[in-house]
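Okay, structure first, notes after.
Read the figures in this text as sums done on the coordinates, not as results from a lab. Bear in mind that the values here come from a model prediction, so they are computed numbers and not experimental data. Methodologically, a virtual Cβ is constructed for each residue, glycine included, from the backbone with ideal geometry; neighbour enumeration extends over all protein chains shown.
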Amino acid sequence: MADDTQDDIKNTGAPKPGVLSLAIKEKAALYAAYMPFLKGGGLFIPTNKPFNIGEEVFMLLSLIDDPMKLKVVGQVVWVSPSSQANRPQGIGVQFSEKDGGLEARNKIEGLLGSALKSSRPTHTM
């Protein structure tokens, strides 16, 4: 019985954010994943891990040829299940306005440049 109580206590603590590591090596892949329409920007992250709307995630982002990883905190704003036709399974994460979000947005938009105005389809739209 004591073991059950200890498990209950452990499970009632504050939820810890999920940690995701993402390496985007090509400009086309970055374009497909970036979500400029979200306030502060965001990324679509392919994953089969279960996440809930509103859940906080911590991302380590490697972008194209930059050896420096960006540390970004964000919030899950939608979940794409595996059953959606022609759409990869994953989550949409909105960058936090602090905790690396502004730096990530500026870096991504700098890398994409004029491609941001393209009408090519993405993973999200």
Between Asn106 and Asn52, what FRET efficiency follows from the Cβ-Cβ distance if R0 is 41 Å, with the result rounded to 0.05?
0.90
Ordering 29-38, 92-101, 46-55 by per-residue average of other C-beta atoms within 10 angstrom, highest first, gives 92-101, 29-38, 46-55
Unsatisfied cross-links (Cα-Cα over 20 Å) in the set Lys71/Lys107; Lys39/Lys69; Lys27/Lys98; Lys27/Lys49; Lys25/Lys49; Lys69/Lys107:
Lys39/Lys69; Lys27/Lys98; Lys27/Lys49; Lys25/Lys49
Any chance you could run the full-extension gain for Leu116 through Gln89? It's 0.36 nm times the residue separation minus the Cα-Cα distance, nm to one decimal.
7.4 nm
